[in-house]
Amino acid sequence: MGLLDGKLIVLGVSGGIAAYRACELARLLGKDGARVQVVMTEAGAELVGPLSFQALTGRPVEVGRGGVTAAAGMAHIDLGRDADLILVAPATANTLAKIAAGMADNLLTSTILASTCPILLAPAMNTRMWQNRLTQANVSLLAQVERMVMVGPAEGELACGEQGPGRMEEPTVLWQAARACLSPKDLAGRRVVVTAGPTRERLDPVRFLSNRSSGKMGYALAAAAARRGADVKLISGPTALDFPWAVRTELVESAAQMARAVGRDAAKCDLLLMAAAVADYTPRKPAKQKIKKGDGGLGVDWKRTQDILAALGRKKNPALRVGFAAETGHPVEAAGKKLRAKKLAMVVANDVSLPDAGFGVDTNRVHLVTKDGSEELPLLSKDEVADLILSRVAKMLPARRARR
Ligand code: CTP
């Protein structure tokens, strides 16, 4: 199950060297559940064989003026009407110019003209072609069309060996942009803070106390909130994950650092999603030198860390807060207690003793506990769980919370 399940995405491939990177994009979109119909220009098909795309998408590829699907009707009208999204990657200077001029001289440009869905354009060309005033005039014109969004170009080494803007954005970035295009925008204008991952409490210069949190649930929440239009700040403990797209990320290590970072951002946010597994205890006096082993045991004097969520609940006008409870038995009961004790809008509870839920895995099985009761979600990917949590929470936000 992917977030793009059942969506029809027309992947337009025009004639830039980056066409080979569109193969990876086709694979990512298909893996996320989309039906991908590749439409290539003649120049695109000279650079990468249509058969490669056909193998990756499981669908015949249209080239030039088309013909394969046209047999059943008028391909550009059918595709333009049925597509949920058109993604042109790479979009060459030539294809951008044609789209800006409203031309319809091949199946890709005529499908775009006959469409009403969102269109993502991923420009790729030599730097001087990109910076040319004529290209820039076309880009400005395209920016005026609300449903057309330009992603990139990135800066870097170009196929021609030159450096500068003109590189097609990474396939993973374009995939995330496609997901965002097809998401509801119910968090537009909201500021959201998400915490993720474990904290590390230092015992001495080489040792620390931590936990098994991978950060995956928090990162999925941050990415999902950004897709839904929020301005998102992610405050993350140490994880092995890539930073989510379109999210400002700050790295912290200890519970005290996380408390300070959240304190700075929470006053300005509408929603705080506290998915981090914050340590409840930290050594009272971390050793300045490495602790040497002795013959007996080792005693450490621990003190409680500040409970970040509970402390925020005592402030005036706190943001809407969601807590997370990792339990090893009776998750709903334990979550209900936390909901009331910390004055939360929702607690997301899971039983981490189950093999497919909780630490490190890509799936989760959770209960959403609110003052109105609890809702058990089936086993889902963490991306899907994140979207469901946000669907519920978006409805709980006050209609127009004044920005502070
Ligand atoms: N939390 C926090 N500050 C802490 C510790 C936890 O804000 N110092 C948050 C977590 O991010 C999470 C929720 O509180 O959202 C978890 O609640 P908590 O009562 O700390 O649960 P656990 O520590 O997991 O469980 P237990 O009650 O068994 O200690």
Quiz prompt | DSSP beta bridges in segment 191-396 [antiparallel fraction, %, rounded to 5] | solution = 40 percent
Self-check item: Three-way shape label, the chain, alpha-carbon gyration tensor, a/c 1.5
Solution: prolate
Quiz item: Using a 1.4 angstrom probe with every protein chain in place, what is the largest-first accessible-area order of Val262, Val139?
Solution: Val139, Val262
Quiz prompt | Residue range of the chain that is longest and free of GluC sites (Glu not before Pro) which are both DSSP loop and sparsely packed (at most 14 other C-beta within 10 Å) | solution = 163-404
Quiz item: Which of the trypsin sites (Lys or Arg not before Pro) found in segment 223-301 are loop residues per DSSP with 11 or fewer other Cβ atoms within 10 Å of their Cβ?
Solution: Arg284, Lys288, Lys290, Lys292, Lys293
Exercise. Please give every one of the aspartates and glutamates within straight-line cross-link reach of Lys338, meaning a C-alpha to C-alpha distance under 14 Å, and leave out same-chain neighbours fewer than 8 residues apart.
Key: Asp307, Glu327
Practice problem: Could you grab the relative contact order for the chain? Cα pairs under 8 Å, six or more apart, rounded to a whole percent. | Solution: 11 percent
Quiz item: Ignoring ligands, DNA and RNA, what percent of the accessible area of the chain is carbon or sulfur (1.4 Å)?
Solution: 53 percent
Self-check item: Whether segment 191-396 is rounded, prolate or oblate, judged on the alpha carbon gyration tensor where a/c under 1.5 counts as rounded
Solution: prolate
Quiz item: How large is ³J(HN,Hα), in whole Hz, for each residue of segment 382-390 in order, when computed from phi with the Karplus curve 6.51 cos²θ - 1.76 cosθ + 1.60 and θ = phi - 60°, using x for Gly and Pro?
Solution: 5, 4, 5, 4, 4, 5, 5, 4, 5
Self-check item: Residue-wise HN-Hα coupling along segment 54-61, computed from phi with Karplus coefficients 6.51, -1.76, 1.60 (Hz; x: Gly, Pro)
Solution: 4, 5, 6, 9, x, 9, x, 9
Practice problem: Could you tell me which of rounded, prolate or oblate describes segment 231-281, using a ≥ b ≥ c as the square roots of the eigenvalues of the alpha-carbon gyration tensor, with rounded for a/c under 1.5 and, failing that, prolate when a/b is larger than b/c and oblate otherwise? | Solution: oblate
Practice problem: Would you mind checking Lys342/Lys395; Lys216/Lys293; Lys315/Lys337 for any pair whose Cα atoms are more than 24 angstrom apart? | Solution: Lys216/Lys293
Quiz item: If you take the beta carbon distance between Arg284 and Arg264 as r and set R0 to 25 Å, what does 1/(1 + (r/R0)^6) give as a FRET efficiency, to the nearest 0.05?
Solution: 0.45
Self-check item: lysines with Cα under 17 Å of Lys285, excluding same-chain neighbours fewer than 8 positions away
Solution: Lys303
Self-check item: Counting DSSP beta bridges with both ends in the chain, the antiparallel % (nearest 5)
Solution: 30 percent
Self-check item: For segment 191-396: accessible area per residue (Å², 1.4 Å)
Solution: 50 Å²
Self-check item: Residue-span extension gain [Asp5 to Asp204] - 0.36 nm each, minus C-alpha spacing
Solution: 66.8 nm
Quiz item: So what are the ³J(HN,Hα) numbers for segment 220-225, from phi and the Karplus equation (6.51, -1.76, 1.60; θ = phi - 60°), rounded to whole Hz, Gly and Pro as x?
Solution: 5, 5, 4, 5, 5, 5
Quiz item: Helix-derived [θ] at 222 nm for the chain: sum -39500 (n - 2.57) over DSSP H runs of at least 4, divide by residue count, nearest 500?
Solution: -9500 deg cm²/dmol
Quiz item: How much accessible surface area, in Å² rounded to 10, belongs to the heavy atoms of Arg304 with a 1.4 Å probe?
Solution: 140 Å²
Quiz item: Which residues in segment 201-217 have a backbone N closer than 18 Å to a point placed 7 Å from the Cα of Val300 along the Cα-to-Cβ line?
Solution: 201-213
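The values are calculated or read from the model by the stated rules, or taken from the named source; none is laboratory data. Source: prediction; values computed, not measured. When we count neighbours, we look across all protein chains shown, and the Cβ atoms used for this are built from the backbone with ideal geometry, even at glycine. To get the accessible areas, we keep the full protein, side chains included, count just its heavy atoms, and leave off ligands, DNA and RNA. Shrake-Rupley method; radii C 1.70, N 1.55, O 1.52, S 1.80 Å.
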